[in-house]
Amino acid sequence: MRKSFVVAFVALLCCFCAGVAFGMEAVPVEELKPGFVYIGPVGDGGWTFMHEKGRLEMEEAFPGLKSTIVESVPEGPDSARVMNTFVRNGSKLIFATSFGYMDFVQEVAARHKDVYFMHCSGYKRGDNVGTYFGRMYQARYLSGLVAGSMTESNVLGYVAAQPIPEVIRGINAFVQGVRHVNPEAKVKVVWLFSWFDPGKEKEATKALIDAGADVIAMHADSGATPQTAEEAGVYVVGYNNDMSHYAPTKHLTAPIWDWGQVHIYTVDKIINGTWESEDIWWGLKEGMVDLSPFGKDVPDSVKELVAAEREKIISGAWDVFTGPIKDQKGEVRVPEGEVMSDGDMLSMGWFVEGVEGEVPK
């Protein structure tokens, strides 16, 4: 899973700098037969659950379209086997929904040039491979405003999945929000080294609460963290989906996904013969990311602040990683008035000031 940030950044720049000019034939909707490779079970209540929700929205949008899924596929060679099976069964479109499938998508796509591949959260594209993700850091920042307003101990916790730029960027955005309203607050990070492991998620949450955290945030795929926080009487910010049903009294909000937008957009492009390999990175403005409804304890003043900051982002007047931004050592990484580039955000491998924890090497 862990990649060299330098290698990732160089590859990313290549993707940004070199457009892919390649024509592929349109496919009738009834012949498309999309296949979805899922990292977890559809019942995880989080990441895969939301991808599945998007898949069903896609089928509803296109009468005659039938798709197939395979759940709980490890980020290894088995993912290539699953994708090859989809191709043998007639799939002309494959969605690979986790970062670690990236190299295997490239491998299978190179052998099947007449099949469209869409890889979620990766940076490698090709003639028949597009990538898609969302500016979740924007919603993370907004959730940080809420969390930073609700802490009394000035210690918050973050249950973090894998040490890759996607997760690091989300932690940093959350902390930017927390410290916007509460400059004295600190956020402690515990790494899971797993995307979906309810047992580990529960133990990490307990460890952070024992360390003094009175608000917990998360980048993990199950509802174990909010359940554990609810049991301990500690506020929690969920992820992926509205997780208030796991923590009915302590859930503050959650940064959430709308994957159906990309699924529908992709199918429409393919059946109309206008698909091109591109890097989709939509945010609050496009509605691909957002916040779930607020919990009952969130004050109106906090809701109003979130609404104002949200509008600043959507309007383009400001974005989360606008300087000055310092790292943990106090070094200025983004000077005042400058905005971090997409390339730098997508290859982020350092923590901002206010994070207690390390990025594993």
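The values are calculated or read from the model by the stated rules, or taken from the named source; none is laboratory data. Remember, predicted model here, so these are calculated numbers, not experimental data. Methodologically, a virtual Cβ is constructed for each residue, glycine included, from the backbone with ideal geometry; neighbour enumeration extends over all protein chains shown.
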TODO: Give the residues of region 64-122 that are in contact with a His (Cβ under 6 Å, 6 or more places away or on another chain) and over 30 Å from Ser347 (Cβ atoms), sorted by residue number.
DONE: Val87
Open item on the list: Can you pull out every residue in region 36-66 that is touching a Pro at 6+ places or on another chain (Cβ under 9 Å) and exposed (fewer than 15 other Cβ atoms within 10 Å of the Cβ)?
Closed with: Gly64, Lys66
- [ ] Working carefully through the options Pro163, Pro226, find the one that is in contact with a Gly (Cβ under 8 Å, 6 or more places away or on another chain), closer than 28 Å to Gln261 by Cα, at pLDDT 95 or above and not aromatic (Phe, Trp, Tyr).
- [x] Pro226
TODO: Take Val352 and decide whether it is among the aliphatic types (A, V, I, L, M) and either more than 21 Å from the chain's Cα centre (by Cα) or closer than 20 Å to Phe95 by Cα (or both).
DONE: no
Task: Matching residues in region 171-204 - criterion: being within 15 Å of the chain's Cα centre (by Cα) and either under 19 Å from Ile256 (Cα atoms) or surrounded by 19 or more Cβ atoms within 10 Å (Cβ to Cβ) (or both) - done: Ile171, Asn172, Ala173, Phe174, Trp195, Phe196
Open item on the list: Taking the criterion of being out of contact with any Phe, Trp or Tyr (no Cβ under 8 Å at 6 or more places or on another chain) and either under 27 Å from Glu278 (Cβ atoms) or assigned to a strand (DSSP E or B) (or both), would at least one residue in region 193-207 satisfy it?
Closed with: no
- [ ] Identify all residues within region 246-273 that are more than 20 Å from Gly177 (Cα to Cα), assigned to a loop (DSSP other than H, G, I, E, B) and in contact (Cβ under 8 Å) with a residue 24 or more places away in the chain; write none if there are none.
- [x] Tyr246, Thr249, Asp258, Trp259, Asn272, Gly273
TODO: Counting only residues that are surrounded by 18 or more Cβ atoms within 10 Å (Cβ to Cβ), polar (S, T, N, Q) and touching a residue at least 24 places away in the same chain (Cβ under 8 Å), give me the strands (runs of 3 or more DSSP E) lying completely in region 67-170 with at least 1 of them.
DONE: 129-134
